[in-house]
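J.: Take this structure first; my questions come after.
The values are calculated or read from the model by the stated rules, or taken from the named source; none is laboratory data. Just so it is clear, the model here is predicted, and its values are computed rather than measured. For neighbour counting, all protein chains shown are included, and Cβ atoms are generated from backbone atoms with ideal geometry for every residue, glycine included.
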Amino acid sequence: MESQSTPRLTAPYLDSYRGRNVMVIGRVVQLRGDQATIDADGAITAHLNRDAHLSSGNAVQIIGKINPDLSIRVLSSLDLGTGVGKEPGIIIGIIDGHVTTITTTTGVRRTAID
């Protein structure tokens, strides 16, 4: 069976991955019904599934499919809390059960989730 990649991207790159599954790390700026607005270097509208439990102002990781209108239909989500990604230029993600911090100056640091 062929493995499908799930690229991690930000709002400016949504158009290049239309119709594909992607991962987005950002901050929840608004919740309204079954939709959330995520700031990931620009606003992204996320159509939430019933399992999504997000809080406004928190960092979030979502995996979902990009719709023709560049919104994302969320397949899974993870609320990362309020203390994530406070420093400029840092991206936080969950990879293989580890919190992964990527900075432009120091490379990658992996820390196990408690």
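J.: So in segment 16-37, with the set limited to residues that are aliphatic (A, V, I, L, M) and under 18 Å from Pro68 (Cβ atoms), which one is surrounded by the fewest Cβ atoms within 10 Å (Cβ to Cβ)? It would help to see each step written out before you state the result.
T.: As a first pass, look at segment 16-37 and keep what is aliphatic (A, V, I, L, M): 22-25, 28-29, 31, 36.
With under 18 Å from Pro68 (Cβ atoms) added as a condition, the list becomes 22, 24.
Details: Val22: 21, Val24: 26.
The residue in question is Val22.
J.: Considering only segment 32-51, I want to know if a residue exists there that is within 11 Å of the chain's Cα centre (by Cα), assigned to a loop (DSSP other than H, G, I, E, B), under 17 Å from Tyr17 (Cα atoms) and of a type in the set (A, V, I, L, M).
T.: Checked segment 32-51: at least one residue is within 11 Å of the chain's Cα centre (by Cα), assigned to a loop (DSSP other than H, G, I, E, B), under 17 Å from Tyr17 (Cα atoms) and of a type in the set (A, V, I, L, M).
J.: So, one more: Cβ-Cβ under 6 Å, sequence separation 6+ or interchain: first residue in segment 18-37 and over 16 Å from Gly81 (Cβ atoms) and in contact (Cβ under 8 Å) with a residue 60 or more places away in the chain, partner among the basic types (Lys, Arg) and part of a strand (DSSP E or B). Which pairs?
T.: Met23/Arg8
J.: I would also like to ask the following. Testing Ala43 on (1) on the phi < 0 side of the Ramachandran plot; (2) in contact (Cβ under 8 Å) with a residue 40 or more places away in the chain, one condition comes back false. Which one is that?
T.: The single condition Ala43 does not satisfy is (2).
J.: Go through segment 67-91 and report how many residues are over 16 Å from Asp34 (Cα atoms), touching a strand residue (DSSP E or B) at 6+ places or on another chain (Cβ under 6 Å) and either outside any loop (DSSP other than H, G, I, E, B) or modelled with pLDDT of 95 or more (or both).
T.: Residues of segment 67-91 that are over 16 Å from Asp34 (Cα atoms), as a first pass: 68-70, 80-91.
Right, trim to touching a strand residue (DSSP E or B) at 6+ places or on another chain (Cβ under 6 Å) and you get 80, 84-85, 90-91.
If we keep only those that are either outside any loop (DSSP other than H, G, I, E, B) or modelled with pLDDT of 95 or more (or both) as well, we get 80, 90-91.
Summing the residues that are over 16 Å from Asp34 (Cα atoms), touching a strand residue (DSSP E or B) at 6+ places or on another chain (Cβ under 6 Å) and either outside any loop (DSSP other than H, G, I, E, B) or modelled with pLDDT of 95 or more (or both) in segment 67-91 gives 3.
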